[in-house]
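Here is the structure we will look at, set down as structure tokens.
The values are calculated or read from the model by the stated rules, or taken from the named source; none is laboratory data. If you're wondering where the values come from, they're calculated on a predicted model, not measured in any experiment. All Cβ positions, glycine included, derive from the backbone under ideal geometry; neighbour counts span all protein chains shown.
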Amino acid sequence: MREAIRFGRNGTVREVRDVHPRTTLLDWLRLGERRTGTKEGCAEGDCGACTVALGRLVDGRVVYEPVNSCILLLGQCDGADVVAVEDIAADGALHPVQEAMVTHHGSQCGFCTPGIVMSLFTLYEEGERPVGRDAVNDALAGNLCRCTGYRPIVDAALDACATAKDRRFEAHREAAACALGEIAADGADLFMRDEGRFFAAPASEESLAALLARHPDATILAGATDVGLWITKSLMEIEKIVWLGRVASLRETRSTPETLTLGAMVSHADAHAALAAIDPDLGELMRRFGSIQVRASGTVGGNIANGSPIGDLPPALIALGAKLHLAGAKGTRTLPLEDFFLGYRQQDREPGEYVRAVEIDKLRRHDAFRCFKVTKRLDEDISAVMGAFRLHLEGRRIARARIAFGGMAATPKRAPLAEAALVGLDLDDELAWAPALDALAQDYRPMSDHRASAEYRAVVARNLLFKALAEIAGDAGLRIAPRPAGLAAE
């Protein structure tokens, strides 16, 4: 057991103890280190002004990802290397990304610039060459430029990444690897403060289960892309926080010809390739899952366990027939994912239990899958409606159907009446689809809110089912031959 958060800073190991469990990385940088280059904008992980790079050891090499420091708790930096905008120049020389931003006049008011520089820094250091415009736009999707100066910013990124990577940052990376190796070697559970108020990060599932049994009222923390807003926006007085990030078994990914199992702490970024391999629509869904900063921090298990009715991943996984693995001091259990959601932000999870993994059934021969995310803007937006559809075909006949929607009820929910109405239908008989389309009105009673009206949601859900049927009917390959990616975007 240790009582200090340990992370890398400029090649050395920093130890921080006796900070409040709710302290964010942004507050520590600005108020503790007086590194004020990192800015606070929205305080909810949407504008990117607070972006810093977080590096973790992967096969002996430190790999950096951009994160929103405004909603990332300081304790989540344990075992990582923290790089802020002041840290990327070397020996008095600007980083190539900084030089390009100056050359192309990429800064206007300058408030957003540090976060933009750090997003482009991670693209420069970790992106695959050649770096194209689409990759730059994706890297910047989580950074809001209030002066709308994107053209020179994109030009700067393309210019900086047009040549082979400059190696001046490698000395920092090598020193960081040594520091993080030292931290990783301790293998101790982290428990900071006292029994009444703490930030804890168990190093094993045994320690995790024991801690949650002792403190069933503790808030379980994964990526903090949701819980972070409870702190910064709702001002919740969370006194006990148990972070799952040091439990290696929760970050495992296992794949067989039939299933894909993702540990609860697998990030959206790390899950992307495995899900895209199941179906291109899942790949596009994950690309539009928040920003790169959100995908680097947010986790598969966190997106499920928060119980949001508008989470993007649960409807797709429910349509695929996923199973959820739960664990705790009393043992483990498995249940269909759709049975986990009991009501608005209510789950079938006992006190002291945690989500361990999700097991996803891969598509079989003659299965067809579609998923569609409908939002007000293309990138980094919460769904108004999210629809997912899996059909098993016998020739041109629908033998089985699984349909799930998000944003249409208090929980992610299947459409049993529409599913039943589809079974036995001929894909080529478009007029016969009407009963299934009509059945959605009985399967769901959506509500109106600031994202969409109930009437809009009902019409969109009907249209998405029609779109899925029409696309599948026209897809002669039916998963035997691949189809182009990118068809999920609305």
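A quick yes/no check of all residues on (1) surrounded by fewer than 18 Cβ atoms within 10 Å (Cβ to Cβ); (2) in a loop (DSSP other than H, G, I, E, B):
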site	(1), (2)
ARG6	no, no
PRO21	no, yes
LEU29	no, no
ARG34	yes, yes
LYS39	no, yes
ALA43	no, yes
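With respect to THR232, determine if the residue is polar (S, T, N, Q), farther than 22 Å from ARG9 by Cβ, outside the structural domain of VAL294 (by TED's automatic domain parsing) and touching a helix residue (DSSP H, G or I) at 6+ places or on another chain (Cβ under 6 Å). So that I can check it myself, show each step before the final result.
Numbers: polar (S, T, N, Q): yes; farther than 22 Å from ARG9 by Cβ: yes; outside the structural domain of VAL294 (by TED's automatic domain parsing): yes; touching a helix residue (DSSP H, G or I) at 6+ places or on another chain (Cβ under 6 Å): no.
The answer is no for THR232.
I need the full set of residues from segment 377-395 which are farther than 20 Å from ASP226 by Cα and either of a type in the set (S, T, N, Q) or in contact (Cβ under 8 Å) with a residue 40 or more places away in the chain (or both), in order please.
Of everything in segment 377-395, those that are farther than 20 Å from ASP226 by Cα and either of a type in the set (S, T, N, Q) or in contact (Cβ under 8 Å) with a residue 40 or more places away in the chain (or both) turn out to be LEU378, GLY387, ALA388, PHE389, ARG390, LEU391, LEU393.
For segment 86-107, enumerate the residues that are surrounded by 24 or more Cβ atoms within 10 Å (Cβ to Cβ) and among the hydrophobic types (A, V, I, L, M, F, W, C).
Initially, segment 86-107 is screened for residues surrounded by 24 or more Cβ atoms within 10 Å (Cβ to Cβ), giving 97, 100-101, 106.
Answer for segment 86-107, where residues must be surrounded by 24 or more Cβ atoms within 10 Å (Cβ to Cβ) and among the hydrophobic types (A, V, I, L, M, F, W, C): VAL97, ALA100, MET101.
Mind listing whichever residues of segment 59-77 are assigned to a loop (DSSP other than H, G, I, E, B) and in contact with an Asp or Glu (Cβ under 8 Å, 6 or more places away or on another chain)?
Quick first cut of segment 59-77, residues assigned to a loop (DSSP other than H, G, I, E, B) only: 59-60, 69-72.
Of everything in segment 59-77, those that are assigned to a loop (DSSP other than H, G, I, E, B) and in contact with an Asp or Glu (Cβ under 8 Å, 6 or more places away or on another chain) turn out to be CYS70, ILE71.
Could you tell me how many of the residues in segment 80-93 are outside any helix (DSSP H, G or I) and either among the acidic types (Asp, Glu) or touching a strand residue (DSSP E or B) at 6+ places or on another chain (Cβ under 7 Å) (or both)? Quick ask: steps written out before the conclusion?
Step one: filter segment 80-93 for residues outside any helix (DSSP H, G or I), giving 80-84, 88-93.
After this cut, where a residue has to be either among the acidic types (Asp, Glu) or touching a strand residue (DSSP E or B) at 6+ places or on another chain (Cβ under 7 Å) (or both) as well, the list is 80-84, 91.
The total comes to 6.
Could you count how many residues in segment 236-262 are over 22 Å from HIS215 (Cβ atoms) and not in a helix (DSSP H, G or I)?
The total comes to 11.
If you take the residues in segment 174-220 that are in a loop (DSSP other than H, G, I, E, B) and not small (Gly, Ala, Ser), which one is nearest to HIS20 (Cα to Cα)?
First, the residues of segment 174-220 that are in a loop (DSSP other than H, G, I, E, B): 185-189, 195-196, 202-204, 215-218.
Of the ones still in play, those that are also not small (Gly, Ala, Ser) are 186, 189, 195, 202, 215-217.
On the way: ASP186: 23, ASP189: 18, GLU195: 13, PRO202: 18, HIS215: 18, PRO216: 20, ASP217: 18 Å.
Once the filter is applied, the top-ranked residue is GLU195.
Residues being out of contact with any helix residue (DSSP H, G or I) (no Cβ under 6 Å at 6 or more places or on another chain) and crowded, with 19+ Cβ neighbours inside 10 Å: count how many of those fall in segment 248-266.
Count: 2.
Would you be able to tell me the number of residues in segment 124-143 that are surrounded by 21 or more Cβ atoms within 10 Å (Cβ to Cβ), among the hydrophobic types (A, V, I, L, M, F, W, C) and either over 19 Å from the mean Cα position of the chain (by Cα) or not in a loop (DSSP other than H, G, I, E, B) (or both)?
Result for segment 124-143: 2.
Out of curiosity, is LEU120 under 27 Å from MET286 (Cα atoms), in a helix (DSSP H, G or I) and either out of contact with any strand residue (DSSP E or B) (no Cβ under 8 Å at 6 or more places or on another chain) or modelled with pLDDT under 95 (or both)?
Details: under 27 Å from MET286 (Cα atoms): yes; in a helix (DSSP H, G or I): yes; either out of contact with any strand residue (DSSP E or B) (no Cβ under 8 Å at 6 or more places or on another chain) or modelled with pLDDT under 95 (or both): yes.
It is true that LEU120 is under 27 Å from MET286 (Cα atoms), in a helix (DSSP H, G or I) and either out of contact with any strand residue (DSSP E or B) (no Cβ under 8 Å at 6 or more places or on another chain) or modelled with pLDDT under 95 (or both).
Test of understanding: among ALA436, ALA410, which residue is assigned to a helix (DSSP H, G or I) and small (Gly, Ala, Ser)? Write out each step before concluding.
Details: ALA410 fails: assigned to a helix (DSSP H, G or I).
Sole residue among the options that is assigned to a helix (DSSP H, G or I) and small (Gly, Ala, Ser): ALA436.
Spot the failing condition for LEU363; the list is (1) assigned to a strand (DSSP E or B); (2) modelled with pLDDT of 95 or more, and only one is missed.
Every condition holds for LEU363 apart from (1).
Output the number of residues of segment 411-431 satisfying the condition of being in contact with a strand residue (DSSP E or B) (Cβ under 7 Å, 6 or more places away or on another chain) and surrounded by fewer than 16 Cβ atoms within 10 Å (Cβ to Cβ).
Residues in segment 411-431 being in contact with a strand residue (DSSP E or B) (Cβ under 7 Å, 6 or more places away or on another chain) and surrounded by fewer than 16 Cβ atoms within 10 Å (Cβ to Cβ): 3 in total.
Tally up the residues in segment 273-282 that are surrounded by fewer than 19 Cβ atoms within 10 Å (Cβ to Cβ) and either of a type in the set (Ser, Thr, Tyr) or under 21 Å from ILE382 (Cβ atoms) (or both), please.
Number of matching residues: 0.
In segment 459-478, what residues are without any contact (Cβ under 8 Å) to a residue 40 or more places away in the chain and under 29 Å from the mean Cα position of the chain (by Cα)?
The answer is VAL459, ARG462, ASN463, PHE466.
Which residue, of ALA171, ALA156, is part of a helix (DSSP H, G or I) and at pLDDT below 95?
Values: ALA156 fails: at pLDDT below 95.
Only one candidate qualifies: ALA171.
Among the residues of segment 397-407, is any surrounded by fewer than 16 Cβ atoms within 10 Å (Cβ to Cβ), β-branched (Val, Ile, Thr) and without any contact (Cβ under 8 Å) to a residue 60 or more places away in the chain?
First pass over segment 397-407, keeping only residues surrounded by fewer than 16 Cβ atoms within 10 Å (Cβ to Cβ): 397, 399-400.
Pick out the ones that are also β-branched (Val, Ile, Thr) and you get none.
No, the conditions are met nowhere in segment 397-407.
Would you please name the residue that is surrounded by the most Cβ atoms within 10 Å (Cβ to Cβ), looking only at residues in segment 8-19 that are more than 23 Å from GLY223 (Cβ to Cβ) and in contact with a strand residue (DSSP E or B) (Cβ under 7 Å, 6 or more places away or on another chain)? Full working, then the answer.
Initial filter on segment 8-19 (more than 23 Å from GLY223 (Cβ to Cβ)): 10-13, 15, 17-18.
From the residues that got through so far, the ones that are in contact with a strand residue (DSSP E or B) (Cβ under 7 Å, 6 or more places away or on another chain) too are 13, 15, 17.
Numbers: VAL13: 14, GLU15: 11, ARG17: 11.
Result: VAL13.
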